[in-house]
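The values are calculated or read from the model by the stated rules, or taken from the named source; none is laboratory data. As the structure is a computational prediction, the values presented were derived from the model and not from experiment. Because the Cβ atoms are built from the backbone with ideal geometry, glycine has one as well, and the counts that use them run over all protein chains shown.
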Amino acid sequence: MAFTSKFPPMDYGGPVDRPFAPFPSAALQRSITDRFTAIARDFSSRVAIRDRARQLTYGELADLVDRIAVATVAASAGRPGPVAVLLPNEIDFPAAMLGVLAGGRGFVPLDASHPDERNRLIAARSGAAAVISCSALADRVRALFPYDLPAIDIDALGGVAGLEPRHRATADDLAFIVYTSGSTGTPKGAYHNHRNLLHDVMQQTNTLHLDHTDQVALQYSPTVIGAVREIMMTLLNGATLHILPPRELQPDGLVREIEERGITICRMVPTLLRRIAEVLRPGQRLGSVRVLGLGSQRVDWSDVDVFRRCCPPDAFLIVGIGATECGGNFCHWFVDERLRTAGGRLPIGRILPDASVTIADENGRPVATGEIGDFVVASRYIALGYWGDPELTAKAFEVDPTDAGIRIFHTGDMGRMRPDGLLEFVGRNDQQIKLRGHRIELGEIEFMLAGCAGVADAAAVACRDEAGVSRSLAAYVEPNPGVALLSRDLKLMLWKRLPQYMIPATITVIESLPRLPNLKIDRTRLHQIHTARLAQMPVPVDDPLMVELIEIFESVLGDVGATPDDNVSSLGGDSLQAIRVAIAIESRFGHAIPVDVFESTQTIRELAAWIAVRGHRGNAMVRCRVEGTTVEASAVE
C-alpha cells in the first residue's frame, strides 16, 4: 500500500501561532522570476543578502539580476542548454542564479572549491551554453573551459539601458540542474522546472511560517539542492539571506555570527551542532534561533539533547528526509520529545502533502506497517529526470500509469512506517549486503557505533573479493573533538549490541570521514581510503607465533589467505568454527581462552599478543612481535 499525507498539517508541532503570509499555490503557475520581481519591488530597501564582506538590498539585487539576465541572453544566443555558475560561495552566487532564470535559462551550480576536473565534467555533461564567473577566477575559467564556451565576468557587467528585453520563463521551463555523485562517484544531474522549485519554497514557507523579518543562515555549498532551497525560500519571501560557510568560520566564529546577525532560521549537520555545543559558554545559547533544522547526516535522540542545550526553550527542531530527485524533503516533523523511547531511533517525519510513499520489498511489493522496505515516492513535483541521460532516467523514474502528471522515484532509502504515522530511516539499499548467508544493513552498524560515547560519526564498508562477493566488514569512526577513542573499546561495546556476524573485523579511528558537497559521507572515497589502508598493512610472516596461529585458523577455515589482521568473521567463519578455532588454540598452546577474550581480541595479531604474555608449552619462552614491539614472557600456569 502507498502511504499518503492523511496526518496533521506541515506546521504541526511547530510555530503554528506565528503570524505570516502563506505562500500561495497560485504562484506555482508562474515563474520564479515573476515572484522575485514582485518581492524585490515590495521590499526594495531591505537587505536581501549578506556575506562576510558585502550586502545587497533587494533593489540592488534586482538591478544586478537584470544585468546578469541581459548578459546571459547575449552570451548564450544561438546555443541550447543551461548556464553554468562558477563563483565563490558569496553574495554573487544567488544573484547569478536569479539572473540566469531571468534570462530564460536554467542554471548549473559549480563550486569553486571543488576539483577542476569535476567542474569541467559537470559543465560538459550539462551542455552548458555559457558560464558566469568573476575576474578573480578568469585564468581558472580559461583553463577549465578551453573550448569555445562564452564566459560572463560578473565584475564587468554594464548597464541594461537600450538592450534587448529578456525572455520571460514559464512554470514549465528548466530552472536548475544539480549534479550528485551518488554511490558510483559519477556525477548525475537531476533537473527541475520552476514549478518544482516554487512548490518546495511553498512547503518550506508554510512549514516554518517564514516571512520578511526572518534572518536565514546558508551553510551549505550552493551546488546542493538544500542550498538552492534555502536561497530561494529566503529571497522569494523578502527575508535576509546570510552566507556563513562553517569551514571558514569554525564553530566559535559561527556562534559569533549567529548572535551578531540575529539568525532566526538555520539548518546544519548534527556534527556541527555538537561542535557548537562544545564552544558555547556555560548558560550561553543561540538566543535568536527560532527554528533549527538538522539533516544530511543521521540524527539521533542525543542530538535533540544537544539542541536543547544550544537553543532557546521555545525554539523548534525540525528533521526530515528527502533527495535531490524529490526536489527536497518528502517527509519532515517538528520533533516531539514525548515520543522518545529508550534505545529507539529518532523518526524522520510524516509524509508531506502532494506526495505519497510506498515502502516496497525487494520485489517491489508494498510491505505492511512496521516492516522494512525501500522508499518509493510519487509526486507531481519530482525531478523531470537525469539531464542528458534517458537510460538512467528510465531506471530510476516511472510515470504513474493512472496519472501521467505524477512521477515515481525509487529513492534507494530504506525504512519503515510506524503505527503513529512517522517514518523511520534504516539505511540505504545500496548499503545492504549479504555476508555468509546473513542480510546486513551497514546503517545498523553505523547507528550502533554512533551511539558509543565520544563518537561523532561512523561509516561501515563491505570488503569484497575480486568477484564482488562480500567477505568481511570494516568500520571507520570519527571522534568528537578532543576525544581519544580505542578500537578495542568500540569493539567491546558492539559485542554487547550486535550479533557476532555484524561485528566489523576492524574498526579504524580517523580524524574525519570523507564527505560529499552535501556533507553526506563520500562512500566512494571511503572505499578508496580502505583499499589504500589494506595495501599498507604489514604482514609479519616471520613471527613464529603469528605463523602458528594463521596455520590453526586455516586448518579450521580452509585455505582462506589469513593475515594477522583477520579474525574468524572476516575469514568467513561462523560461531561453530570460532569454537573449533578456540579449542585448537587451547590444545596447541595449553591455555583456555576465555570467551570474552576471544570475542574482544578477535584478530590473529591481538590473540598473538594475549598468548605471548602468558607463554605456552610449559615454561617455554614465547617471543612474538606485536605492533612492532617484541614481547617475551615465561609461561605461568
Conditions (1) of a type in the set (Gly, Ala, Ser); (2) at negative phi; (3) crowded, with 18+ Cβ neighbours inside 10 Å; number of the one not met by residue 385: (2)
Region 126-147 residues that are touching a residue at least 24 places away in the same chain (Cβ under 8 Å), paired with ones that are among the acidic types (Asp, Glu) (beta carbon under 6 Å, 6 or more apart): 134/155; 144/116
State all residues of region 107-131 that are in a loop (DSSP other than H, G, I, E, B) and crowded, with 23+ Cβ neighbours inside 10 Å; if no residue qualifies, say none. 128
Is it the case that region 273-281 has a residue that's within 16 Å of the chain's Cα centre (by Cα) and assigned to a strand (DSSP E or B)? no
Look through region 417-445, keep the residues that are among the charged types (D, E, K, R) and within 25 Å of residue 522 (Cα to Cα), and return whichever of them is modelled with the highest pLDDT. 424
When region 1-38 is checked residue by residue, the ones that are among the basic types (Lys, Arg), in a loop (DSSP other than H, G, I, E, B) and either modelled with pLDDT of 95 or more or in contact with a helix residue (DSSP H, G or I) (Cβ under 6 Å, 6 or more places away or on another chain) (or both) are 18, 30
Would you call residue 37 farther than 30 Å from residue 419 by Cβ and over 33 Å from the mean Cα position of the chain (by Cα)? yes
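Assess whether residue 247 counts as being over 25 Å from residue 205 (Cβ atoms), part of a helix (DSSP H, G or I) and within 18 Å of the chain's Cα centre (by Cα).
Yes.
Can you give me the ranges of the strands (runs of 3 or more DSSP E) entirely in region 309-416 with at least 1 residues that are touching a residue at least 40 places away in the same chain (Cβ under 8 Å) and touching a Ser or Thr at 6+ places or on another chain (Cβ under 8 Å)?
Working: elements: 316-323, 328-334, 355-360, 373-379, 397-399.
By residue number, 316-323, 328-334, 355-360, 373-379.
For every residue, the table says whether it meets (1) under 22 Å from residue 474 (Cα atoms); (2) at pLDDT below 80; (3) crowded, with 17+ Cβ neighbours inside 10 Å; (4) in contact with a Lys or Arg (Cβ under 9 Å, 6 or more places away or on another chain).
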residue: 545; (1), (2), (3), (4): no, no, yes, yes
residue: 603; (1), (2), (3), (4): yes, yes, yes, no
residue: 616; (1), (2), (3), (4): no, yes, yes, yes
residue: 627; (1), (2), (3), (4): yes, yes, no, yes
Checking residue 379 against (1) under 26 Å from residue 450 (Cβ atoms); (2) modelled with pLDDT of 90 or more, the condition it does not meet: (1)
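Answer yes or no as to whether residue 265 is within 22 Å of residue 414 (Cα to Cα), surrounded by 22 or more Cβ atoms within 10 Å (Cβ to Cβ) and either out of contact with any helix residue (DSSP H, G or I) (no Cβ under 6 Å at 6 or more places or on another chain) or not assigned by TED's automatic domain parsing to the domain that holds residue 449 (or both).
No; evaluated as a whole, the condition is false for this residue.
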Please list, ordered by first then second residue, the pairs with beta carbon atoms under 7 Å, 6 or more apart or interchain, first in region 47-65 and surrounded by 21 or more Cβ atoms within 10 Å (Cβ to Cβ), second of a type in the set (S, T, N, Q). 48/57; 48/240; 49/55; 58/44
